[in-house]
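The values are calculated or read from the model by the stated rules, or taken from the named source; none is laboratory data. As the structure is a prediction and not an experimental result, all values here were calculated from the model. FYI the Cβ positions are ideal-geometry reconstructions off the backbone, even for glycines, and counts take in every protein chain you see.
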Amino acid sequence: MKSKLHRIYTVFLVSTIALFLSASCVSPPESALPSPIEVIDQLGRTVALDKTPQRIVSLAPSNTEILFALGLSDRVVAVTDYCNYPPEAEAKQTIGGFSTPSIEEIVSLSTDLVLATSRHEAKIIPQLEDRGLNVLALNPETIDGVLEAIILTGMVAGVEERAAELVAGMRQRIESVTDKTDGLPLEQRPATCYVVWHDPLMTAGSGTLQDELIEKAGGLNIARELTDYADISLEAVIAANPEVIIAGAGHGSGADQTFQFAKTEPRLRDTEARRHDRIYAVDVDLTSRPGPRIVEGLEEFAQFIHPELFN
Amino acid sequence: MSFNPVANEPIGAYFSGRRTRLFSILGLSVALVAIVLLATSVGSVHIPILTTFSVLVAKLPLVDIAQTWQGTVETIVLEIRLPRVILAGLVGAALATAGATYQGLFRNPLADPYLIGVAQGASLGAVIGFLLPITWHNLGFSIIPLLAFIGALVATAVVYGLARVGKTVPVTTLILAGVALGALLGSIVSYLIISSGEKMHGIVFWLMGSFSLSQWSEVGIVLPYVATGTVVIIILARMLNVMQLDEEQAQQLGVNVERLKLILLAAATLITAASVSFVGTIGFVGIITPHAVRLIWGADHRFLLPLSVLAGAIFMILADLVARTVLAPTEIPIGVITAICGAPFFLYLLRRRKKAIF
């Protein structure tokens, strides 16, 4: 049961301790390309490549989004079954699920770089390394972590400038939100509840991307005392009386169940959010995927939480 | 494996003797009411116990108490906690009764309510419900419990049909057919889960079992099944005692063994299926509660069954109370609590007894 649970990528940020700080320490990139590349990835591993990778396999939707945003689509040879963005990614060959990639497939594609995550640390990465494959592990747990992951990928793939541009653009968009929300006093920060899932009721506590998005968008997460994704009781939500409820919704039929729950659950009727009809749905791919679109998630959160500031 | 409860019990149990056990039933009933009140008063949000009582008492007919509490408090007590506590009690009672019935019927201490395919059938039904391209809010009700219920009943009926040998259904064949079909359905469920993509987390959470969103409407649906099934089983308690003899001997004593088997299986399956449909497959209660009751009060089904109803309800309400308060406002999966609390208590009873049971 546990391993199945672990496959849920919305709950995937839990396990490993972030080593992204060390990721910024990069060995001297003085020589010109093509030249040996050496970086320390977000799991603290040293990754050394002889030449710029040309055949890249992504093991996570967020990694795929980063690769495409860096203009590396031609060099991506395979992605996972869950990689649905950008739409071109769906045309790529897949190597299986997020947690269950096929090692055989990866090897058979004469891959020269595998972009993994902390999820693959225990089982998959050692197997890939045993077969002589280069593995770069990304483990962004915060928005800053996402920016670092982009820089790191850019360096390894030899597109530093493109990465720097992308990050600068993202920074600018983030700051245009935080410039307005940073100074907000507590009483101007609406109590906000992010609903990950409705049955059992599950919310995003501190340490999650959604908690950071709420905070940066000028809200106050009612579940900030909890850590990671956590079950929360309905009565605790009612007692916290959120002014804004944001429900994670996905693609496909039935995936907006969580939103429908927030809108229709009779016992939430007296919350401020329901009285003033401030129940919103957000695409979970924008809020739980640590990729370039996290800024879109932030902008949406800002519009939900402070419509008077952002419109 | 076979044993004679009637001969065994006066020495075996702590509280044997007709009067002691009648008093025990009375005592547990009082305890159940007290625990319902306690469980309704406690939750992640602090509400003074007197306020809770006032809210509850004010709803009784002929009582007139001025409302001094907020509407939120009333919502929490009457619409969140009370239906949850009652549903937990119903499910606990149903699983314990079904477990006691199966153990008696199969004369097998390892029998639990999920032995002959109910859990796997319900799981398969529920998973299919999740994967169907229909959303519950369009229909105005959830299709998942309905499919889980149907799945549980169909799976058990198939097991029963497969186990039929001529005009009889030998219990060993029944268990083997149940285990085999359970394994088959279980593997189909596993396959559907891994290929379910983004619906996976909903399915996994359903399978883990939870009372977290219990509502009165669910109580209203589960109650009739559990009440009817339990009453039928308790009425047949004396027959279940006779069944503890050889089936042949029981037959000679004038018991229609096959018909009795069918009625008891149907009743136990129905109450299990109704419970599982709404709260998922919660383990441990169905196997441990009847054993604990047997250790304390003896194996006579006339007492074992009603005591299991009460003990199962009390145990499940307490387990759910622990699940929702220990790490409040976070909730722990109920199955974790039933195992953590149930297993040591049961082992304690087992060690104190220091002789073979069952």
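Yes/no per residue for (1) surrounded by fewer than 24 Cβ atoms within 10 Å (Cβ to Cβ); (2) closer than 25 Å to residue A:299 by Cβ; (3) not assigned by TED's automatic domain parsing to the domain that holds residue A:283:
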position	(1), (2), (3)
A:195	no, yes, no
A:199	yes, no, no
A:205	yes, yes, no
A:224	yes, yes, no
A:228	yes, yes, no
A:232	no, no, no
A:244	no, yes, no
A:250	yes, yes, no
Exercise for review: Could you check residue A:244 against (1) more than 30 Å from residue B:277 (Cα to Cα); (2) at pLDDT below 95 and say which number it fails?
Suggested key: (2)
Review point. So is residue A:144 of a type outside the set (Phe, Trp, Tyr), surrounded by 19 or more Cβ atoms within 10 Å (Cβ to Cβ) and within 16 Å of the chain's Cα centre (by Cα) or not?
Key: no
Review point. Residues in the range A:288-305 that are not in a loop (DSSP other than H, G, I, E, B) and not acidic (Asp, Glu): how many?
Key: 9
Review point. Which one of these does residue B:315 not meet: (1) touching a Lys or Arg at 6+ places or on another chain (Cβ under 8 Å); (2) within 26 Å of residue A:235 (Cβ to Cβ); (3) away from chain A (no Cβ under 14 Å)?
Key: (1)
Review point. Can you name every residue in the range A:207-245 that is more than 10 Å from every other protein chain (Cβ to nearest Cβ) and touching a Lys or Arg at 6+ places or on another chain (Cβ under 9 Å)?
Key: A:209, A:211, A:214, A:215, A:218, A:219, A:220, A:242, A:243, A:244, A:245
Revision key, fill the gap. Pairs returned, first residue in the range B:55-80 that is more than 14 Å from chain A (Cβ to nearest Cβ), second residue that is part of a loop (DSSP other than H, G, I, E, B), beta-carbon separation under 9 angstrom, 6 or more apart or interchain, are B:57/B:63; B:57/B:65; B:58/B:64; B:58/B:65; B:58/B:66; B:58/B:67
Review point. Within the range A:96-119, is there a residue that is touching a Ser or Thr at 6+ places or on another chain (Cβ under 7 Å), part of a helix (DSSP H, G or I) and among the charged types (D, E, K, R)?
Key: yes
Exercise for review: Please verify whether the range A:60-70 includes one or more residues that are under 30 Å from residue A:229 (Cα atoms), crowded, with 18+ Cβ neighbours inside 10 Å and at pLDDT below 90.
Suggested key: no
Review point. Of a type outside the set (Asp, Glu), surrounded by 23 or more Cβ atoms within 10 Å (Cβ to Cβ), touching a residue at least 24 places away in the same chain (Cβ under 8 Å) and in a strand (DSSP E or B) - does that describe any residue in the range A:267-287?
Key: yes
Exercise for review: Could you tell me whether the range A:292-301 includes any residue that is farther than 18 Å from residue A:181 by Cα and more than 8 Å from every other protein chain (Cβ to nearest Cβ)?
Suggested key: yes
**Study point:** All positions within the range B:291-315 that are farther than 17 Å from residue B:227 by Cα, of a type in the set (Val, Ile, Thr) and crowded, with 24+ Cβ neighbours inside 10 Å
**Key:** B:293
Study note, to complete from the structure: The condition of being outside any helix (DSSP H, G or I), modelled with pLDDT under 95 and surrounded by 21 or more Cβ atoms within 10 Å (Cβ to Cβ) holds, among A:83, A:25, only for A:83
Point to revise | All helices (runs of 4 or more DSSP H) inside the range B:1-69 with 2 or more residues being at pLDDT 85 or above | key: B:18-41, B:49-58
Revision key, fill the gap. Output for Cβ contacts, cut-off 7 Å, separation at least six or different chains, first residue assigned to a helix (DSSP H, G or I) in the range B:314-333, second of a type in the set (S, T, N, Q) and modelled with pLDDT under 95, reads B:315/B:289; B:319/B:338; B:324/A:233; B:324/B:44; B:325/B:44
Check your understanding: Would a scan of the range A:133-145 turn up a residue that is within 14 Å of another protein chain (Cβ to nearest Cβ) and closer than 30 Å to residue B:44 by Cα?
Key -> no
Check your understanding: Of all the residues that make up the range B:267-306, how many are closer than 23 Å to residue B:211 by Cβ and part of a loop (DSSP other than H, G, I, E, B)?
Key -> 5
**Study point:** Wholly within the range B:119-229, helices (runs of 4 or more DSSP H) carrying at least 1 residues that are within 14 Å of chain A (Cβ to nearest Cβ), within 23 Å of residue A:233 (Cα to Cα) and among the acidic types (Asp, Glu)
**Key:** none
Review point. Looking at the range A:110-124, which of its residues are among the β-branched types (Val, Ile, Thr) and buried (at least 22 other Cβ atoms within 10 Å of the Cβ)?
Key: A:111, A:114, A:117
Check your understanding: Has the range B:140-161 got any residue that is loosely packed, with under 15 Cβ neighbours inside 10 Å and at pLDDT below 85?
Key -> yes
Check your understanding: Do we find that residue B:218 is farther than 26 Å from residue B:81 by Cβ and among the charged types (D, E, K, R) in this structure?
Key -> no
Check your understanding: For residue A:109, all conditions in the list (1) aliphatic (A, V, I, L, M); (2) touching a residue at least 40 places away in the same chain (Cβ under 8 Å); (3) closer than 16 Å to residue A:60 by Cβ hold save one; what is the number of the exception?
Key -> (3)
